[in-house]
Every structure is written in structure tokens, then in C-alpha cells.
Amino acid sequence: MTPTVSENNSSNISTEPMYPTDAGNTTTTLSTGEAIFTRCPEGEILSFNVTPSSDSAFIDVDIEAIDRNGNVINYEIIGSDVQIPGSLQFSDTSMNGIHVNIKAMDDNVTIWCQFFIKVRDPYPPTITSRPADQSLITSDNKLAVKWEDPVAIDNTELSSISTDRVNGGNFIVGSYTVSVTAEDVSGNTATCSFIVTVTHQQVECSELEVPENGDFLCETTEEEHHCILQCNENYHPFGQREVYTCINGHWTPSEPPRCVPTSPLAPGTSLQTPATNPTILATSPTITNTSNQSNDTSGQQLIQQYQKLTNQY
């Protein structure tokens, strides 16, 4: 008869025959009445912990077999590299269980004992480097925060190390505890944390440069700074830019303020030559409605001077 794994074994243990199929006509039993295993953990699953800071466990199983006369006889391990007593390294195989066959012989009688050995790692990883706490300032309501990756080691094999917030992700204004978790292949975990604090700070507005021939009338609210450009008499804001607003340190419009000369013509008149606009000739003290060549030339010169002056701005 070829015994198989007993029903109380866990599901990750093979259900193939436990004894070799090449035993011939020898007797395969724990006891024949002539030879017997007096000590052997038949059918059991034995778990051994790795030693601290090591990836190996020391395996020592109490096994003894005697012959028909009661004398202790030798035994040997068949079909595996397990040494008893001896050291067994943690691995996927040893973690799931190694099938051990023990064989002893008394003359032509062969007896067997079989069991399983598992190597377990009960020790968590060690986090050797965690990200530093950070206190950051932003003028916005959120900020992308990056940190140095944490580092961990394990006596067997590290499975993962992660944080519960995305490295480089956005943090809105506030204080946060970011957790770090390191896990090994046995499911043991180690944790630590660091603090990220994001503070909002309004950026101060720079002083506007006061333009020549003008000044500013300003007021400040909680979030904005407003200034109205007031030009001196006979000057006006260039490009009709009279109101300047600063939010978070940025002025709009961004062009420097300027005051440019106002037209020397009478209010309501347009810049035209005397030949096409008799109103100029009628209202200007220096340009009269006459065909006198000298007065016409004087009006032309006045207009040319104004055009030259405004082109400078």
C-alpha cells in the first residue's frame, strides 16, 4: 500500500504519494513488528522560524528508529536536500512546505516516516530612511510636493514600500500625516510617517513706478491692490490705461504707466490741417482764416511740433 497525505494537511501541501514508487517488495509501514520508528512526527507539518536578522532556520527534528532487537538503527532522508539537524534557507519552496521522507532498514525490511517542514519569517522589515518633514509656502491654494523615496531592508525578501499619498502630487493648504509602509513576502509590515504642512501666503505687490507728469491714487483690499493713474494738467494716460490691479504680486496691465501730452487743439477738435478744417483757423489764436502765407506756415509748424511730441511716447 502507498500512503498519501493525511486529511489534516493544509491545501498548499502536495497530495501525491508520499513514499517512493520504487520501493519494490519491501514493507512500507511505520511498524512491521520487527523494526519501528520510536520517535518521528509522522504526518505532521513542522514550522521553524528563521533566526533574527537571518534568512535561514535551524531544523532539528527528534527521530529514532530501532530494529527487532531494540537496537537503534540509522535512517536517511530520501528525495530532498533537507539536513536534519541543519540549516534551511527561507524561500518560496520552504515557505510553502517541503515534503520529507525518512527511510530506515532492518535487514530486508524497510520502514518509512514522513512529515512536512515549513520555514517562516515572523520578523517585519526595517525602514532605514524615511522622508523628512516639510513645511512649504504657496501663493496658490495647492502645491505639488515631492520627497525622497523611503528605504527599507528585510532579512528575507522585501515585497514593497509605499506611501499613502502620491509623491509629487498636489496638496491643498493644510497639514498632513503621510504614512510609509514596508512589507515583505511573508506579509510582515513596518510603518512610519512624516508631516507635510502647506501654508498659504499672499505675495506682496511691488510698488508701481510713478510716471513723469503723473501720480497714483491707490487702495488695498484683503486680496487685491488697486491704483488709478492721475496725470497732470495737459497730460493723459497712454493707451487709456488708467486702472492698475495687483493680485498675488502680478500687476495688470503689465506695461509701465505713462502720461502723455494732451492735444494743443481746442476741446472737441481733431488733428487736421488748416486747409481741411476751418474750425482750427477760426479758434486758434495763432492760426487765422487768411491766405497770408506766414500765418499758414505757423499753423503747419504747430501741428508738426505736436505730432513730433506725441510720437516720442
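Conditions: (1) in a loop (DSSP other than H, G, I, E, B); (2) closer than 30 Å to residue 184 by Cα; (3) touching a residue at least 12 places away in the same chain (Cβ under 8 Å). Residue 51 meets all but one. Number of the miss?
Result: residue 51 passes all but (3).
Where the second residue is open to solvent by less than 70 Å² (accessible area, probe 1.4 Å) and hydroxyl-bearing (Ser, Thr, Tyr) and the first is farther than 13 Å from residue 165 by Cβ and without any contact (Cβ under 8 Å) to a residue 60 or more places away in the chain and lies in segment 135-151, which pairs have Cβ atoms under 7 Å and are six or more apart or on separate chains?
Short answer, once both residue conditions are applied: 151/129.
Take the conditions under 30 Å from residue 92 (Cα atoms) and surrounded by fewer than 20 Cβ atoms within 10 Å (Cβ to Cβ) and apply them to residue 180. Does it pass? Please lay out each step first, then the result.
On the way: under 30 Å from residue 92 (Cα atoms): yes; surrounded by fewer than 20 Cβ atoms within 10 Å (Cβ to Cβ): no.
In short, no.
Restricting to segment 82-104, name every residue that is within 47 Å of the chain's Cα centre (by Cα) and aliphatic (A, V, I, L, M).
82, 88, 95, 98, 100
Considering each residue of segment 82-117, count those that are farther than 30 Å from residue 180 by Cα, in contact with a strand residue (DSSP E or B) (Cβ under 8 Å, 6 or more places away or on another chain) and open to solvent by less than 80 Å² (accessible area, probe 1.4 Å), and give that number. Don't jump to the end; show me each part of the working.
Quick first cut of segment 82-117, residues farther than 30 Å from residue 180 by Cα only: 82-88, 97-117.
Still in the list and also in contact with a strand residue (DSSP E or B) (Cβ under 8 Å, 6 or more places away or on another chain): 82-88, 97-106, 110-117.
From what is left, the residues that are open to solvent by less than 80 Å² (accessible area, probe 1.4 Å) are 82, 84, 86, 88, 97-104, 106, 110-117.
Residues that pass the stated criteria total 21.
Being of a type in the set (D, E, K, R) and either within 28 Å of residue 155 (Cβ to Cβ) or over 60 Å from the mean Cα position of the chain (by Cα) (or both) is the filter here; which residues of segment 57-81 pass it?
Filtering segment 57-81 down to residues of a type in the set (D, E, K, R) leaves 60, 62, 64, 67-68, 76, 81.
The answer is 60, 62, 67, 68, 81.
Taking residue 198 and the conditions (1) open to solvent by less than 40 Å² (accessible area, probe 1.4 Å); (2) over 22 Å from residue 248 (Cβ atoms); (3) not acidic (Asp, Glu), which numbered condition does it fall short on, given that it satisfies the others?
Unmet condition: (2).
Could you check segment 133-154 and list, in sequence order, the residues that are in a loop (DSSP other than H, G, I, E, B), modelled with pLDDT under 95 and open to solvent by less than 60 Å² (accessible area, probe 1.4 Å)?
Step one: of segment 133-154, the residues in a loop (DSSP other than H, G, I, E, B) are 133, 139-141, 145-150, 154.
Those still in the list that are modelled with pLDDT under 95 too: 139-141.
The answer is 139, and nothing else.
Could you check how many residues of segment 105-125 are over 51 Å from the mean Cα position of the chain (by Cα) and not aliphatic (A, V, I, L, M)?
First, pick out the residues of segment 105-125 that are over 51 Å from the mean Cα position of the chain (by Cα): 105-113.
Of the ones still in play, those that are also not aliphatic (A, V, I, L, M) are 106-108, 110, 112-113.
Number of matching residues: 6.
The values are calculated or read from the model by the stated rules, or taken from the named source; none is laboratory data. All values reported here derive from a predicted model rather than from experimental measurement. Virtual Cβ from ideal backbone geometry, glycine too; neighbours counted across all protein chains shown. The protein model used for the area step is the full one, side chains on, heavy atoms only, and it has no ligands, DNA or RNA in it. Shrake-Rupley method; radii C 1.70, N 1.55, O 1.52, S 1.80 Å.
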